[in-house]
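Notes follow once the structure below has been shown.
A short reminder: the numbers here are calculations on the coordinates, not readings from a lab. Since the model is a prediction, treat every value here as computed from it, not as a measurement. Positions of Cβ are generated from backbone atoms using ideal geometry, with glycine treated the same way; all protein chains shown enter the neighbour counts.
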Amino acid sequence: MTVRKRRKSNWYIYLITFILTAILAAMGLSLIWDSIFVPKGEINRSGITSDLPDASNNITVLFMLSNEKAANPTRYMIVSYQPAEEAVICIPIRADLRGQVGYNQKTLDEFYSEGGIQSVLYAIEGAVGVKCDRYVKLDRESFVSMADAIGKVNINCAYDVINPDGSILFDTGVHSMNGNDLYVYLNYDNSSYGEDYQSQVGGSTAVSIVNRNLRGLAATVIQSYFTKLINTADTDLTLEDYTKRQQAFLFTSTESNNPGQYYIPYGDTADGMFVLSDSSKTTILERLGIGE
């Protein structure tokens, strides 16, 4: 008589397989759920968290804008980054500001003609009391390239921007400007609208870029903008300046609510130079947290 051997049950193999399959399915469902339903900014796509920054992340940069690389700047702006205060303070500086280096007093434009960027940095420190940590000089080509990279900027024109032939380039109201439009707008001769109007144009434009175009960015995008700035502008900014502050930049972009602010310096005109008033200088130093 033939004896049939009873086959051993492999139930435990099926159980293990079922458990592993369930785990993998749960992981996949979780990833799909996060990508669809979790609000932007809550997913850490770069491994960098939005930790609260401190004053060690502060940096003050002098931005300059010219038509060509070798040309004198027509626009100056001090930008103070204060992430712990959730603030990016933008202070337009007139090219005819009376700068001071020692006993030597002349306009920023004259200081630039004689000694370049370094002379301007010294002149601003002497006149305003602000020592800029870094500088960035953009010509038309590099400015347009950077502006187009970050996307169109919404600008509210308080007055008509008129061409030399009398035609209207930008009428009063809100315009979505690309890099070239923005460059033309910033360099438009609008002195007829008042001495401070040009500064207001620069300040409001900078604030719009900070509060709208640089809002809610991933760390990889912020780094790409910073790298592009280093590669296209005349600047002493380095990649190390970014890596030291990468978590602070991410925090500002994703967590800070409208950090961009601007302040227009005031004073008098004497001997063809704009002389900053003592009270305005005090306000600038207070806004930048200097001497507190």
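Treating only the Cβ of Lys, Arg, Asp and Glu as charged (+1, +1, -1, -1), what charge dipole size does region 140-292 show about its Cα centre? Round to the nearest 20 debye.
Computed about the Cα centre, the dipole is about 720 debye.
Would you mind checking which residues have amide H under 5 Å from residue 138's amide H? H placed 1.01 Å from N; only 5 or more apart, or other chain.
64, 65, 66
Among the listed pairs 244/281; 69/131; 106/152, which are separated by more than 26 Å between their Cα atoms?
Among 244/281; 69/131; 106/152, the Cα-Cα distance tops 26 Å for 244/281; 106/152.
Please compute the length gained on full extension between residue 70 and residue 189, using 0.36 nm multiplied by the number of residues separating them and subtracting their Cα-Cα distance.
Contour length minus the Cα-Cα distance gives 40.7 nm.
Could you tell me how far the Cα centroid of region 95-147 sits from the Cα centroid of region 197-225, in Å?
Using only Cα atoms, the two centres lie 22 Å from each other.
Sequence-distant or interchain residues sharing an amide H contact under 5 Å with residue 99, placed H: which?
106, 107, 108
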